[in-house]
1. Say whether the condition of being in a strand (DSSP E or B), under 24 Å from Ser316 (Cβ atoms) and among the β-branched types (Val, Ile, Thr) is met by at least one residue in segment 223-245.
2. Out of all the residues in segment 91-123, which are away from the ligand (no atom under 15 Å from the Cβ), of a type in the set (S, T, N, Q) and part of a loop (DSSP other than H, G, I, E, B)?
3. Taking the conditions exactly as written (of a type in the set (Gly, Ala, Ser) and within 17 Å of Ser124 (Cβ to Cβ)), does Gly366 satisfy them or not?
4. Specify which of the listed residues (Ile145, Ile130) is under 18 Å from Arg29 (Cα atoms), among the β-branched types (Val, Ile, Thr) and within 16 Å of the ligand (Cβ to nearest atom).
5. Do we have Gly167 as more than 16 Å from the ligand (Cβ to nearest atom), touching a residue at least 40 places away in the same chain (Cβ under 8 Å), within 11 Å of Ile361 (Cα to Cα) and within 12 Å of the chain's Cα centre (by Cα) here?
6. Looking at segment 182-211, I want the residues that are free of Cβ contacts under 8 Å to residues at least 24 places away in the same chain and within 14 Å of the ligand (Cβ to nearest atom) and have a partner that is among the aromatic types (Phe, Trp, Tyr) and in a strand (DSSP E or B) with Cβ atoms under 7 Å, at least 6 apart or on another chain. Which pairs are those?
7. State yes or no: is Gly158 within 16 Å of the ligand (Cβ to nearest atom), under 23 Å from Arg399 (Cα atoms) and assigned to a loop (DSSP other than H, G, I, E, B)?
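We did not get these values from a lab; they are worked out from the coordinates using the rules stated. Since the model is a prediction, treat every value here as computed from it, not as a measurement. Here Cβ is always computed from backbone atoms with ideal geometry, including for glycine, and neighbour counts include all displayed protein chains.
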Amino acid sequence: MVASNSYLPLQEEVARLASSPQLRAAFERFRAQEAQFTLWQMEATRVAAPPFGEAARGAWLADRFRELGLIDVQVDEAGNVFGIRPGFGSRFVALSAHIDTVFPAATPLNIRQQGSRLYGPGVSDNGAGIAAMLAVASVLGSARIAHTLPFVFIGNVGEEGEGDLRGMRHVFATPRWRDAIAYSVVVDGAGSDTVVAEALGSRRFEVIVRGLGGHSWSDFGAPNPIIALARTIEVFSQTPVPVTPKTTFNVGVIRGGTSVNSIPESASMRVDLRSTSMAEIDRLERALRAALEQAIGAENRAAAQHGTRKAQVLQSEVVEIGNRPAGELAPNARLLQVIRAVDAQLRNTAQVQRASTDANIPLSLGREAIAIGGGGSGGGAHTLQEWFDCNGRELGLKRILLTMLTLAEIGE
Ligand SMILES: [Zn+2]
C-alpha cells in the first residue's frame, strides 16, 4: 500500500507518489513490456468491431481482463466489458476505452508493424486506448500496487458515429455504476498532449418532407418537397449563432426526387447541431423546426393559390438520429487539478480541449470525467491508412497510471 497523506498539497502528493518504489517499478515495466502492449494492440485491432457488432472484440477483451487478474469480469447486455481491481470503499475510479470502430464488418483488417509503427484501420482509434487500458491493468498487478478506491476497467461499445455513445450511456444508466463511479478517465486514441474536459454536445436530425408528387407539366403548382426543404435551409441557415459558447450547424446530406420531370414525392436532409451549451442546441433545434414549419406553410399556401388539380399538402417529419449531451468539468474539479499536477510532474505540456467523447455522458451528469490519449502518436483516424507510433507510449501510460492512483488514494 502506498500510504496516503492528505495533508500534502496536491503537487507534492503527486511527486511523492511518482518517486515511490512501487511507481518506479511500474514505470520500469511500462518500458520493459512495450512489445507485449504492441502485441495486444495488434491482436485487438484484428478482431472486427463495427458499430453494433463489437461482441467478438468484447469477448477477446474479457479474456485479457481475466488473464490480468481483474475480478468480476462481465459483459453487460449492451456489450460493455467490465473488470475490477478491488480497493476499499464503494466509489470507483473508472478507466475506459471504447472498443468499437467506424469500419463496416467487411473492412479488411490488415494490421501490420514496421519498426515502431503500426498500420491498419482502428489501430490508433481505439487500439491505442485498449492497449493503454491493458498496460495499466497489467502493471498494477505485476508491480503489486494497492490503492484505496477500487478501479473499474471498462471496454465500452458504441462510441463512434451512429453508436451515439450508447455504451457509456448504458453504463451511467445502470444502478450499479451510475452513482458508484466517482471519476472517469476515458482513453481515446493516441497522444499525451491533450485533456478533453469540455464535452461538445451535438444533436442530429433527419428532416423529411413528403407530398404526393406528380408530373412536372400536368401537375404544375402541386407543392414540391424539394422546394420546401430548400426554403427551410434558406431560413434556418440565417439563424445567428454565438461565438461563445461556440455553436455550429451543418446541413451535411440532402436527398430527394426521382427524375427531372417529376414533382418529387419526398426530400430529406441531415442536419448536425453542435455546441458546448445545451441551451444553444435547444435554441437551434427550435429554429430548425420553426424554419421547416414556415417553409411547409409557404409551399402549401402557394399550391392552394395556384389551384392545382390535385388538392394536396406537404407533410414533414423531424427524426432525431443523434444526441450527445454537452457538459464541462468545473475549473476547480479535482480531476482537472490532478491531471494538471500529473502533467507538471511528468514535464508534459497538455492543452485542455473540447470534443465529443465518451466523457460527454458523465460530464453531462455533473460527474468528473476527462478523455486523454493512450500515449505514442497516431494519425489517419477513421481511414484505412490509420497508423500508430509506439514511441512515447510510456509517457501516456505513466500519465494515466499516476492520475488514477492520485485519484484513488485520496479516498473517503
Ligand atoms: Zn475514438
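1. Checking segment 223-245: not a single residue is in a strand (DSSP E or B), under 24 Å from Ser316 (Cβ atoms) and among the β-branched types (Val, Ile, Thr).
2. Thr107, Asn110, Ser116
3. Against the criterion (of a type in the set (Gly, Ala, Ser) and within 17 Å of Ser124 (Cβ to Cβ)), Gly366 does not qualify.
4. Ile130
5. Criteria not met by Gly167.
6. Between residues of segment 182-211 that are free of Cβ contacts under 8 Å to residues at least 24 places away in the same chain and within 14 Å of the ligand (Cβ to nearest atom) and residues that are among the aromatic types (Phe, Trp, Tyr) and in a strand (DSSP E or B), there is no close pair.
7. no
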